[in-house]
Amino acid sequence: MSQADKDLSLIPAPVNEAHGEAKYTERRWQGIPGIECAANGRLWAAFYSGGDNEGPDNFVALVTSMDDGRTWSDIRYVVDPPGEVRAYDPCLWHDPSGKLWLFWAQCYTWYDGRCGVWAAVCSDSGSANPVWSEPRRIADGIMMNKPTVLAGGQWLLPTAVWACNDSELNRLPDERFSNVLLSADNGASFEKIGCADIPNRHFDEHMLIERNDGSLWMLVRAFYGIGESESFDGGRTWSAGKQSSLGGPSSRFFIRRLQSERLLLVNHYQFRGRSHLTAMLSDDDGRSWHGKLVLDPRSDVSYPDGAQSADGRIYIIYDRERTQAKEILMAVFTEEDVLAGGCVTEHARLQVIVNKA
């Protein structure tokens, strides 16, 4: 592909309303979701679809619910670049001020060696019709997992430029790692401050946790499950990557610090395949895990993302059988349910369909 072709991915693709076009209603596959909860309880979910599978026809889609996820809208908004440029790997995140960020990746064809992390923001996520800002490109690479806000207020974003065996696609040798972007001005600007090199990582898909002692813990998708690295200087330098004790298949996972200060991990616990998606809790910054609530024991369930509402409810979204069942599903639960190993609270629900193509 020529440089001119690659540069088509640098053209902004706005967040537009969907108006029932056939390409949005007659989807042949879908997956890779994200979720967020507005202050008034409105849920937003994002995923991507388009074409026969991952490729140049991909677009990002958003749906919403105002009844705690019992019913969901049809596709309300899309990010759909023209031609051979695709939008994919969306990420939804409320910043500390309450603004909702929609991040996504944009590249020419399936992968062009550079990609780009784009973002649009709305300040009225509790509305059914939020007003989205013009998109802006904030970095090379891809970011499908939520930023982390440090105790000092800085934001850290986990971005990555994929390593690739094709020399044509390896033109950013200094960026082909599990990267860390910093914003010290509430998202007005971003700079890359560091990166980790995890052996045998697989599409990175990393997440960042600030421990209680101020150190940072990076977890990274790898061929053997989950790799890890540590930073003791705010993310500027990272320890040699190694295999963690968390296991699981080569697949996206979700980890987040809850309001209680516990850590929540959602992964395929003690399974090598994409089944038995399980929620676990840690009281000691990830040294041990307990609870183990199985969210979905079926095969081909994957790619969890999550959010927590002000009342403590936890929402985990994931996909199932991207080309067969074509389902985006959700689990709603609390820490009490995880500790009990089953749904014991009033609002707990599992295998809730968010969207089915």
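Every number here is computed from the coordinates shown, using simple stated rules; none is lab data. Predicted model only: the values in this text are computed from it and were never measured. Methodologically, a virtual Cβ is constructed for each residue, glycine included, from the backbone with ideal geometry; neighbour enumeration extends over all protein chains shown.
Annotation for Asp174 and Ser260: the two label points, set 7 Å from Cα along the Cα-Cβ direction, are 4.5 nm apart.
Computed from backbone phi, the HN-Hα couplings of segment 27-39 come to 8, 8, 6, 5, x, 6, x, x, 9, 8, 10, 6, 4 Hz, rounded to whole numbers (Karplus: 6.51 cos²θ - 1.76 cosθ + 1.60, θ = phi - 60°; Gly and Pro given as x). For segment 209-332, the alpha-carbon coordinates run over 45, 37, 23 Å along the three principal axes, in decreasing order. Each peptide in 231-240, 319-328 was scored by the mean count of other Cβ atoms within 10 Å over its residues; highest first, the order is 319-328, 231-240. Only one of (i) 20.9; (ii) 16.0; (iii) 17.2 was calculated from the structure for mean projected area of the Cα convex hull in nm², and its label is (ii). Using Cα springs under 10 Å in a Gaussian network model of the chain, which residue among Gly187, Gly31, Gly126 shows the largest mean-square fluctuation? Between Gly187, Gly31, Gly126, it is Gly187 that shows the largest mean-square fluctuation.
Dividing the radius of gyration of the alpha carbons in segment 39-86 by their Kirkwood radius gives 1.10 for Rg/Rh.
When +1 charges are put on Lys and Arg Cβ atoms and -1 charges on Asp and Glu Cβ atoms, the dipole computed for segment 1-143 relative to its Cα centre reaches about 200 debye. Taking only the alpha carbons of segment 1-138, we obtain Rg and Dmax values of 14.7, 48 Å in that order. The alpha-carbon positions of segment 196-262 define a convex hull whose volume is 85 Å³ per residue. A straight line joining the Cα centroids of segment 272-304 and segment 13-84 runs 26 Å.
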